[in-house]
Amino acid sequence: MRSNNFLIGGIAVAAVVAWITPAAAQEKKAEPAKAKAEKVAGDIGLLDTEKNYMIVVTKDGKLVTLDINAKTKTTQLVDTKAKMSDVGLGSSAQVEYVVKGDKNFLTKMIFVPAKGE
């Protein structure tokens, strides 16, 4: 009789562990993965430092809207640090960005100032 109680208890513990383990595995999968940086190159079509966004026009005419913030790394091609306010319309740029939800966030930009700047 006593061995039956141990057997039933062991089965109960195994059932609880089997029931909890998949739930714990699903919780780990729910964590968002770090977004991979995308790259795009083209001309700066619009830069709004007050509303913190810019638009890059690719060579094939595609418009890519990017949100900017204080963490955005900006480098002028002459390999000096630059600020977003140093970028002018018509500048040629290579940018990296990450997609978060339905927005593209600019993470890094290398640009050549437009002629005449």
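The values are calculated or read from the model by the stated rules, or taken from the named source; none is laboratory data. Quick caveat, the model's predicted, so the values are computed rather than measured. Methodologically, a virtual Cβ is constructed for each residue, glycine included, from the backbone with ideal geometry; neighbour enumeration extends over all protein chains shown. Ligands, DNA and RNA are excluded from the accessible area calculation, which covers all protein heavy atoms including side chains. Shrake-Rupley method; radii C 1.70, N 1.55, O 1.52, S 1.80 Å.
Residues in the stretch 90-117 that are at pLDDT 90 or above, β-branched (Val, Ile, Thr) and surrounded by fewer than 18 Cβ atoms within 10 Å (Cβ to Cβ): Val98, Val99. Taking the stretch 56-70 as the range and being charged (D, E, K, R) and surrounded by 15 or more Cβ atoms within 10 Å (Cβ to Cβ) as the test, only Asp67 passes.
Checked against the criteria, Tyr53 does not count as at pLDDT 90 or above, hydroxyl-bearing (Ser, Thr, Tyr) and open to solvent by less than 40 Å² (accessible area, probe 1.4 Å).
Would you pick out the residues in the stretch 62-117 that are in a loop (DSSP other than H, G, I, E, B) and more than 23 Å from the chain's Cα centre (by Cα)? Within the stretch 62-117, Leu77, Val78, Asp79, Gly88, Leu89, Gly90, Ser91, Pro113, Ala114, Lys115, Gly116, Glu117 meet the criteria.
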